[in-house]
Amino acid sequence: MRLHCIELPVPSLDEAGRWLESVLHFLPVDDGRLYVCGNFRLRLVTAEGDAPSRAPDKIVGLEHIALETPDAGALLRALLSKGLELEHDRGVPFFNPKVFGTGTKYFNLIAPFGTKFEFCQRLDKDYPSDSSEILGLEHIGLSAHDFAASFRELSAYGFRPQFAPVENDTPHGRVQCVVFNGPAPIELYCFEGAQTFPEADPTRAPRLVFRANAEASLKERNGACIRCEAAPKYDIVALGEALIDFVPGGQQESGKVSYLGAPGGAPSNVLAAASHLNMQTAFIGKVGNDVFGRLIRSTMERNGICTDGLLRSETEPTTLAFVSLDERGDRSFSFYRQHSADCMLRSAELPLTLLEQAGIFHFGSVSMTAEPVRSATLEAVRHARSKGAAIAFDPNLRLPLWPDTDSAYHAICEGLRYADLVKLSEEELEFLTKAADHTAGMRELLERYDIRMLVVTLGADGCLCLCRNGVFLRQHTIQVTALDTTGSGDAFWGTFLSELLLCDCCDRIPAPQVLQHILGVSCVAGSLTATAFGAVPAMPTASALHAGMLRLLER
């Protein structure tokens, strides 16, 4: 289970939206209802409509939304300069050394529509120098009538206490408090005398919306404050090559070569990008029982990717790829992949349960270059599609891996026949259509195949997108100094698929304004990944994407 968004009833959607944009720099995604800030999504709903049912919640409701900032003092001064009335101590943020161990600087702001926003700077964290003013969600503050009963209720949802409950003296009285990890960061507390709190107005009560495994029993848990919606267990499942990318390292001495190795492989890179955005992901593939295979597994697990489908070969080695970079950071590859582990995945080894639990199934053409993995790949695509998954395909053309260009062409065309969502580079589009004009080539592919959305990445020039319903969009990106473009396309695609899921558009074409936002965030992800070496280590966080989107909107 994971937090999808917070539904916030407001008297006026337009006025609340303008305040979120102008004061807190939230980004509007659709028609003024969904707003994004880093890893946090806030959905505005009208206060009069669709009042939540009064289930026997022990939790009173949402007391505050805590957003993280790298510099509470600077943000406080910026908001004060706008004439806003904030809760602080003589112009200095409050300092709380108790609950969060090494302490937190924070201050509060009451929005015109009644919601309390708390801004927190963790004193035990080092923030990057280019952090935006607000990074996203830090935690959600919930107040309770009955602390013990609410503790048990959150535990039943899968939340786990970060520390034992504590009691603190505050300016508002004595309070019991505990912080939970799990589907979302929750601060639960109960003030003395809380039993005298009035019941929350059901038409104004904010509600936390979670997504959970479709097989779980959810409806009886839905209440005034928490709603669980059925969803596949894994947002994205990918199959393909997991390898080690070696990139030139440091100053090269005459007569010697120096390389730095990092886990890579396009499908696993896509999952890493999605996992950085809190998506539930799983990988299917095979590595060798060697130091490289063990590094790949540990890296995936560290990045939140389920490795239940990552098999280990005792007889074949892990694939290695050596990357050469030109003066612009563009790459060329040399592969050591003859009879390596990823080529030897067989249809009989496919974890069918993972394929049946996928919202999106993603694959590429590298796993179609040899048998038996080619047959396994196509069998996985067919099985996932039969179980309702959307099929995402990135050919990721690597001609040195193919016996000839005709073999590559026909295999990619076979993959396109199954695909709902497709990403191509400019070179791949020309390879498939021979069309010099991008638009003409894209229209040709949509005429030949039943593709729902086709995206063509243009490197530093952004991307193009053509949809089955005729919508055609162009999106620019931010300017960066590219050091290594390895993984940039994968970061783009992992972000694109994640944003489709977050905007509830996995099985349909988004409205144009929603799609423009999705393309913008994806372009920013690709650009930011090019500013560091390696693929997975360079994948941006949600807060970095938010800062990049603010730069993009300024452009």
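The numbers here are math on the coordinates, done by the rules we state, and not lab data. Note that the structure is predicted; figures quoted are calculated from it, not measured. Don't worry about glycine lacking a Cβ; one is built from the backbone with ideal geometry, like all the others, and counts go over all protein chains shown.
Coupling constants for the stretch 140-145 follow from the phi torsions by the Karplus curve (6.51 cos²θ - 1.76 cosθ + 1.60, θ = phi - 60°), and in residue order they are 10, x, 10, 9, 9, 6 Hz; glycine and proline get x.
Taken one residue at a time, the phi angles of the stretch 234-240 give Karplus couplings (6.51, -1.76, 1.60, θ = phi - 60°) of 10, 5, 9, 10, 10, 10, x Hz. Gly and Pro are set to x. DSSP assigns beta bridges within the stretch 1-48; of those with both partners inside it, close to 55 percent run antiparallel. The radius of gyration of the Cα set in the chain, together with its Dmax, comes out at 24.6, 79 angstrom. Mean sequence separation of contacting Cα pairs (under 8 Å, at least six apart), scaled by the length of the stretch 234-554, corresponds to a relative contact order of 17 percent. For the chain, adding -39500 (n - 2.57) for each run of n ≥ 4 DSSP H residues and dividing by the number of residues yields -8000 deg cm²/dmol at 222 nm. Using alpha carbons only, how many angstrom separate the centre of the stretch 244-296 from the centre of the stretch 317-392? Their Cα centres are 15 Å away from one another. Taking other C-beta atoms within 10 angstrom as a stand-in for reagent exposure, LYS423, LYS105, LYS82, LYS387 fall in the order LYS82, LYS387, LYS105, LYS423, fewest first. Taking 0.36 nm per residue of sequence separation and removing the Cα-Cα distance, the TYR127/SER12 pair yields an extension gain of 37.9 nm.
With the simple model of a label 7 Å out from the Cα in the direction of the Cβ, LEU352 to ASP71 spans 5.8 nm. Classified by the C-alpha gyration tensor, the stretch 1-46 has an oblate form. Its axis ratio a/c, with a ≥ b ≥ c, is 1.5 or above, and a/b does not exceed b/c. Under the rule a/c < 1.5 gives rounded, and otherwise a/b versus b/c splits prolate from oblate, where does the stretch 367-439 land using the Cα gyration tensor? It is oblate, given that a/c is not under 1.5 and a/b is not larger than b/c. Counting other Cβ atoms within 10 Å as a rough exposure proxy, the listed residues ASP126, ASP394 run ASP126, ASP394 from fewest neighbours to most. Counting charges near GLN280 (Lys, Arg +1; Asp, Glu -1) among other residues having Cβ under 13 Å from its Cβ returns a value of +1. Membrane-span-like helices in the chain, defined here as complete DSSP H runs extending at least 30 Å along the helix axis by their C-alpha atoms with mean Kyte-Doolittle hydropathy no lower than -1.0, are absent; this is a sequence and geometry rule, not a statement about a membrane. Most simply put, the chain has about 55% antiparallel DSSP beta bridges, counting only bridges with both residues inside it.
Applying Stokes-Einstein at 4 °C and 1.567 mPa s to the Kirkwood radius of the stretch 244-312, computed over alpha-carbon pairs, gives a translational diffusion coefficient of 99 µm² s⁻¹.
Shown for TYR127, TYR189, TYR234: other C-beta atoms within 10 Å of each C-beta, ranked fewest to most, produce the order TYR127, TYR189, TYR234. Overall shape: oblate for the stretch 383-479, with the ratio a/c of the largest to smallest alpha carbon gyration tensor axis at 1.5 or above and b/c at least equal to a/b. Each label was represented as a point 7 Å from its Cα along the Cα-to-Cβ direction; for LEU80 and ASP290 these points are 6.1 nm apart. Summarising the label geometry, the points placed 7 Å from Cα in the beta-carbon direction at THR315 and TYR409 lie 3.6 nm from one another.
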